[in-house]
Every structure is written in structure tokens, then in C-alpha cells.
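The next block holds one structure in the form of C-alpha cells; read it before the comments.
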Amino acid sequence: MAQNKQPEVWLRGPIKDIPALLQPAAHALLQTREEVHLYIPDFPEELLWIKPAGRASVGFHLQHLTGVLDRMLSYAQAKELSKNQFELLRQEGDSQTKKSKDKLVKDFDLKVAEALEYFKTIEE
């Protein structure tokens, strides 16, 4: 099994330009991103949309991470969800999208980067 040799993100110190009160959220996002990059590369593509014992697929969880973060950013900015966000929510876990694990990871990376940039704009 893959293993990260670095300490967890929160043990590495503050994230530059992120307000102190948002450090735990930034650390959690960065830790999640690292773990996705640690474990997903070895995950077989053909199992991405399989629902073990009828449960949610790994593909669903990767889509859901991105979708939840996207929606939370909208809520944090006091915005209503868009029609596109509702459509993406409806599609979460839909194997018909057939998104590859690389595409799902890239989408998550972009959303984490967006969240961290947003955190930098918030005053304590």
C-alpha cells in the first residue's frame, strides 16, 4: 500500500496567506488532496464505477468531494446554487458520465485550488 513519508499537512505549519481561523479547513483540503493523489493512481480504472455490495463507487466519492466543495464555496459566498451545480449534483455517482479517474482527480485539484484562493480573500 502507498504511504506518505511526510507528516500530515497540519503538522507542517500554517499555509501561507490563509487566515488563522481557516487554517484547519485549508489543512483538511490539502490532506485530502494528498491522499487522493497517494491512493488513486494505483486504483484500477475498470473498478472506478463498480458499486461494491450496492454501495457508492469510488468514482462517486471522487465526484462528491469536488461537488460538495463547490457547493460549500457557493454557500460561503451567500450565493444560490446554479442550474449547472444542481445538474452536477444530480449526476454525482452516475457511471454514465464515465469520467476517468484522472479527470476526477484533476477536477478535485482545481476545486481545492479555488477554495484555497477564496480563503485568502476572507478577513478574520
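When the P(r) is computed for region 1-68, the part past 17 Å accounts for 55% of the Cα-Cα pairs. Just checking the listed ones, Ala20, Ala78, Ala113: in the Gaussian network model of the chain with Cα springs under 10 Å, the one fluctuating most is Ala78. Of the GluC sites (Glu not before Pro) found in region 35-122, those in coil by DSSP whose Cβ has at most 10 other Cβ atoms within 10 Å are Glu80.
Loop-located trypsin sites (Lys or Arg not before Pro) in region 66-116 (DSSP state not H, G, I, E or B) with no more than 14 neighbouring Cβ atoms inside 10 Å: Lys79, Lys98. Between Gln85 and Leu110, full extension at 0.36 nm per residue minus the direct alpha carbon distance yields a gain of 7.4 nm. For the chain, the 222 nm mean residue ellipticity estimated from helices alone, with every DSSP H stretch of n ≥ 4 adding -39500 (n - 2.57) and the total spread over all residues, rounds to -17000 deg cm²/dmol. Overall, region 29-124 carries a charge dipole of about 380 debye about its Cα centre when +1 sits on the Cβ of Lys and Arg and -1 on the Cβ of Asp and Glu, all other atoms neutral.
The 3J(HN,Hα) values that the Karplus relation (6.51, -1.76, 1.60; θ = phi - 60°) gives for region 54-64 are, in residue order, x, 8, 5, 7, 4, x, 4, 4, 5, 5, 5 Hz. Gly and Pro appear as x. Farthest towards the positive end of the charge dipole of the chain, among the residues Ile50, Met72, Asn84, is the Cα of Ile50, using unit charges on the Cβ of Lys, Arg, Asp and Glu.
Rounded to the nearest Hz, the phi-derived 3J(HN,Hα) couplings of region 28-41 under the Karplus curve 6.51 cos²θ - 1.76 cosθ + 1.60 (θ = phi - 60°) are 4, 5, 5, 5, 4, 4, 4, 5, 4, 5, 6, 9, 6, x, where x marks glycine and proline.
Working value for the chain: equivalent-ellipsoid semi-axes of 26, 21, 10 Å, each the square root of 5 times a Cα gyration tensor eigenvalue, largest first.
Keeping every protein chain present and rolling a 1.4 Å probe, give me the accessible area per residue for region 1-79 in Å².
Value returned for region 1-79: 66 Å² of accessible area per residue.
The values are calculated or read from the model by the stated rules, or taken from the named source; none is laboratory data. All values reported here derive from a predicted model rather than from experimental measurement. Cβ sites come from the backbone with ideal geometry, for glycine too, and all protein chains shown count toward neighbours. To get the accessible areas, we keep the full protein, side chains included, count just its heavy atoms, and leave off ligands, DNA and RNA. Shrake-Rupley method; radii C 1.70, N 1.55, O 1.52, S 1.80 Å.
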